[in-house]
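Written out below as structure tokens is the structure these notes cover.
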Amino acid sequence: MRRPLSSLNLGTNVKVKLGRAGFQFTSDLQHLNPEQLSQEAGVSQQEALQVLQAADTGGGGGTFLSALELLQKEEGSRSIVTFCSQLDHALGGGLPVGKTTEICGVPGIGKTQLCLQLAVDVQLPQCFGGVEGQVIFLDTEGSFLLQRVVDMSAAAVRHCSMLAEDEEQQVAMTTFTVENILSNIFLVHCRDYVELLAELHLLPAFLQERTKIRLLIIDSVTLPFLQLFDDLSQRTRLLQGLGQKLIAIATNHNIAVVITNHMTTRLRGAHSHLVPALGDIWGHAPTTRLLLEWEGSQRLASILKSPGHMETTAQYQITCEGFRDAAQSEQPQSKRSRTFTD
Amino acid sequence: MTSFFNATFINKRCKTVKPESGPDRWRDDLGPAAAQPDYHRGVTERSEPNRVLQNPPVFPDVQLVTGLGLVWSLAQLKSFKEVVCVSGLDLQRLTGLSQAEVQEVLAAAAAACRSHSPVTALQLQRGEHHGYEFGLRLGVGCPVLDQLLRGGLPVGGVTELSGESGAGKTQLGLQLSLSVQYPQEHGGLNSGALYICTEDPFPIKRLQQLILEQPVLRSDVPPSLISGIRFSDQVYIEHTADLESLQVCLSCRAPLLLAQGLVRIIVIDSVAALFRCEFQADDWLERNKQLLAFSSSLRHLSHEFNTPVLCINQVTDVFNQSADSLGPSSSSVCPALGLAWANQVTVRLMMRRLQGMISRGAQTSALRRLEVVFAPHLAHDGRDVGVWREGVCGVLDAE
């Protein structure tokens, strides 16, 4: 491909030097090695290497995949279960790895509980149908309380040891302990949006080192950006950049990205109803959107937006063991054992 | 954690430069800098002369310095904080640097801005990460309520206590101002309390009565210990009649008290009073802004000083349970200040007044119930309580 060198992703001084040496198009750079180029153009070896690499790849373009390869890749990748079988079924196995999912809901509905449950479930051994990965948790609200994580991990270990039948699963249970689960959860506290953005800048380098990470949780993405109520255009710009970065992280490193969002009230004429916060522009960023809401005294999880699944609703409950299916029996053995009546 | 780069910083890095190529050294060099939360610390270490001979910084430092210089002059960005908020492509366009150089500048700025590098939950449990204390809770002083709260109030977020008037919220606030003064092994935090009153004057007589009755309430603590604590000396009382003075108190006086270790709990009684009366119905945008600023400063104080913050709130009536409900449809009242405030709260408790009386010894009290509405680590549960002479005490459920 014959491209003018000025269109490549290089520094201006390098481009000027190349221009002065007489190199106009990428075809001029063929059959040249870095030493020759650095001598002719007067650039350093490293810069010459960069120029040749940029010219080869056509300025940093990606590789092409056929749809069949993509299908095979998707079928081969596993999902992260939520331990609520209705919701897992609606999502086609669980939360997909390699995509971004947003969880929105009113306070107290269970968003953080679902995130903590996913942080434990991503570590399920592969022989139990899990992904056996690590997780990095960016906490902006201060709602990551270790007591709860320990409860959920202990419950998951108990659940799996009851299910363990064959040799492979018994062996896996020796390493699937509460201590190991805790050692695979990386936590960062971000106190404002600058720290959150800084953490996301440094995340690709961190993920290069730790290749076992399969889940990134941000709880929540709304809280730090609420400070920017004065400068909404900057907020939109930062959120769009954040959304793109998250999609890039999800696809390049093959991890599932889970983001929590608040709800806000929108007035339409005389009626007000609850919508996910951060506006419509942010709504385009996540691939899948899950809404958690109350219906009477029942908790529901609905799929609001998903490219591959129908808009279904599943019931769930939060027990002392974590995020589980809604109990079907009359006397639910749940945390919410009492409904208060005045 | 925002840092400004000035001439001294750039000067220091320029002095110790020796050009040397090699992509591996670059990775090593940026590695320690990225791991240290304070970028400047790395600079001063490298500028020592013996360090220069052993471990000379390499070629990319010059690039980084010129990169930062270009960012400062051409892009007009004066701090690392501003650099982090600009996208890579914008920086390239403004400064003319290549993609790799811009990534380096961004990585350096991000390393300076981050609070701490990732820690594992196991390290947190073992207490290896300073600043976040696993499992530290402020006990209420009553074993039944401490069991409901799994130890007490968490130190890292805002706890809200709402209820109707006369339910006993102020009583619980006073009790916490005293229980914080006990040592850690008895559920306290070994420090005083900052009590901010926004509506009624501080009930000083009730506080004196509670102090006198502490030995009765805290029968688990040796009396010599209780008599050794000077309770009224360590309760700092502020009266703020409007929002402005509340903000002044939270931004100036509270950090001073917290930094000196004199207080380790902030009680605000009540939050609703100021926000409800100072704004008209159509001023809701301004009200929301003020509410966000206020709750943000509370959260920062709470996280920075590992302090529990208790906000006492009023309730409003719920007229019709529409489809968009904020909670399970079981009650006729919900906490005031709406969804914007509810999103900022970590733990939400509610105190209700019930029908009936309970008695204990010679005392009788109206029956009340303390409920957990939501919390990340607590079950949706409640306990019956009574307000006695010695304080708020739970009664074990008959069921």
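A few comments on the model shown:
- Separation in nanometres of the label points that stand 7 Å from Cα toward Cβ, at B:VAL395 and B:SER245: 4.0 nm
- Once all protein chains are placed together, A:ARG289 keeps about 30 Å² accessible to a 1.4 angstrom probe.
- A:GLN240-B:ASP282 pseudo-label distance in nm [points 7 Å out on the Cα-to-Cβ vector]: 3.3 nm
- Among B:ASP90, B:ASP269, the sequence by solvent-accessible area, most first, with a 1.4 Å probe is B:ASP90, B:ASP269.
- Sequence of B:ARG299, B:ARG360 from largest to smallest accessible area, 1.4 Å probe: B:ARG360, B:ARG299
- In this structure, A:HIS159 and A:ASP230 have a Cβ-Cβ separation that, at R0 = 45 Å, corresponds to a calculated FRET efficiency of about 0.40.
- Burial of 30 Å² or greater, the range B:283-310 residues [accessible area, probe 1.4 Å, versus chain by itself]: B:LYS289, B:LEU292, B:ARG299, B:HIS300, B:HIS303
- Where Rh is the Kirkwood radius over Cα pairs, Rg/Rh for the protein assembly as shown: 1.01
- Packing-based ranking, highest mean first, of A:163-169, B:390-396, B:257-263, A:113-119 given that Cβ atoms within 10 Å are counted: A:113-119, B:390-396, B:257-263, A:163-169
- Backbone N under 14 Å from the B:ASP220 label point (7 Å along Cα→Cβ), restricted to the range B:141-178: B:141-153
- Our compactness index for the range A:129-169, the C-alpha radius of gyration over the empirical 2.2 N^0.38 Å, is 1.52.
- Label point 7 Å beyond Cα of A:GLU168 along Cβ direction - residues of the range A:104-137 with amide nitrogen under 16 Å: A:124-133
- Taking label positions 7 Å along the Cα-Cβ direction at both A:GLN298 and A:GLN72, the computed distance is 4.4 nm, reported to one decimal.
- Chains A and B together, accessible area buried on both sides, 1.4 angstrom probe, square angstrom: 6000 Å²
- Calculated diffusion of the range A:151-239, Stokes-Einstein form, Kirkwood radius summed over Cα pairs, 25 °C and 0.890 mPa s, µm²/s: 150 µm²/s
- Å² per residue, accessible surface of the range A:67-338 at 1.4 Å: 42 Å²
- Heavy-atom surface analysis with a 1.4 Å probe gives the protein assembly as shown a carbon and sulfur content of 52 percent of its accessible area.
- Using only side-chain charges placed at the Cβ, +1 for Lys and Arg and -1 for Asp and Glu, the dipole size of chain A relative to its Cα centre rounds to 920 debye.
- Equivalent ellipsoid semi-axes, the range A:67-338, via Cα gyration tensor eigenvalues times 5, rooted, Å: 29, 24, 18
- For the range A:5-57, projected area of the alpha-carbon convex hull averaged over all directions, nm²: 3.0 nm²
- At a threshold of 10 Å², the residues of the range B:374-389 that become less accessible to a 1.4 Å probe in the full protein assembly than in their chain on its own are B:PHE374, B:PRO376, B:HIS377, B:LEU378, B:ALA379, B:HIS380, B:ASP381.
- If R0 is 30 Å, the Cβ-Cβ spacing of A:ARG268 and B:LYS289 corresponds to a FRET efficiency of close to 0.85.
The values are calculated or read from the model by the stated rules, or taken from the named source; none is laboratory data. Please read these numbers as outputs of a predicted model, since none were measured by experiment. Here Cβ is always computed from backbone atoms with ideal geometry, including for glycine, and neighbour counts include all displayed protein chains. The protein model used for the area step is the full one, side chains on, heavy atoms only, and it has no ligands, DNA or RNA in it. Shrake-Rupley method; radii C 1.70, N 1.55, O 1.52, S 1.80 Å.
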